[in-house]
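The values are calculated or read from the model by the stated rules, or taken from the named source; none is laboratory data. Remember, it's a predicted structure, so these values are computed and weren't measured experimentally. Glycine gets a Cβ as well: all are built from the backbone with ideal geometry, and neighbour counts include every protein chain shown.
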Amino acid sequence: MAQQSRIVLAATALRLLLGWYMFIDGLQILLTPGWSASGFLLGAQSFPAFYAWFALPMNSWWVDPLNSWGITLIGAALLLGVGVRFASWAGALMMLLYYFPHYALPVVPHGYVVEEHIIYAAAFVLFAVLPAAGEFGLAKYLRRTFLGRIPVVGALL
């Protein structure tokens, strides 16, 4: 098997695994009645005022759905291979936002600075910059339809 084929398969496998993880996590949040990000946000140890602002009642109406649907749709995009680059940048940003609240940096529970959210963010950045990560998916087929001819939509596919 050629080197490029191995890279495509490895990137696709990692994309699918992380997509599944995000999609299932998002579904669990969506299916939990009364779920709110406020508890997570109000417990922030790093940048507590910044995260507390997101937990304010005037913001929870958009923060909670953006969070739950964001996780779910990022996972779905990775699974389907549609909008992989856009979803990957969104996922990297989301993971960085999740990284800071519960750690008194630079010490984190399982290491020093690096923990799972940083690793997830790095994987998302890999998908965003490595075209091979989006090789297998529906985007290739959707680009040939009328959707692919719409400038903004075609670029996101």
Of VAL82, VAL63, the only residue that is among the hydrophobic types (A, V, I, L, M, F, W, C), within 17 Å of the chain's Cα centre (by Cα) and not in a helix (DSSP H, G or I) is VAL82
Scanning the stretch 29-58 residue by residue, those not hydrophobic (A, V, I, L, M, F, W, C) and not in a loop (DSSP other than H, G, I, E, B) turn out to be SER38, GLY39, PRO48, TYR51, PRO57
Scan the stretch 63-78 and give yes if some residue there is surrounded by fewer than 16 Cβ atoms within 10 Å (Cβ to Cβ) and free of Cβ contacts under 8 Å to residues at least 12 places away in the same chain, otherwise no.
-> yes
Hey, PHE86 surrounded by 15 or more Cβ atoms within 10 Å (Cβ to Cβ), out of contact with any helix residue (DSSP H, G or I) (no Cβ under 7 Å at 6 or more places or on another chain) and touching a residue at least 60 places away in the same chain (Cβ under 8 Å) or not = no
Does any residue of the stretch 103-111 turn out to be assigned to a loop (DSSP other than H, G, I, E, B), modelled with pLDDT under 90 and within 19 Å of TRP35 (Cα to Cα)?
-> no
Tell me which residues, restricted to the stretch 30-68, are within 30 Å of LYS140 (Cβ to Cβ) and touching a helix residue (DSSP H, G or I) at 6+ places or on another chain (Cβ under 7 Å).
-> LEU30, SER68
Complete set of residues in the stretch 2-38 that are on the phi < 0 side of the Ramachandran plot and without any contact (Cβ under 8 Å) to a residue 12 or more places away in the chain = ALA2, GLN3, SER5, ARG6, LEU9, ALA10, ALA13, LEU17, GLN28, LEU31, THR32, PRO33
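Results for (1) more than 22 Å from ALA132 (Cα to Cα); (2) touching a strand residue (DSSP E or B) at 6+ places or on another chain (Cβ under 7 Å); (3) aromatic (Phe, Trp, Tyr), shown as yes or no for each residue.
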site	(1), (2), (3)
TRP35	yes, no, yes
ASN59	yes, no, no
PRO65	yes, no, no
LEU73	no, no, no
LEU96	yes, no, no
By residue number, the members of the stretch 1-59 that are among the β-branched types (Val, Ile, Thr) and either surrounded by 15 or more Cβ atoms within 10 Å (Cβ to Cβ) or modelled with pLDDT under 95 (or both) are ILE7, VAL8, THR12, ILE29, THR32
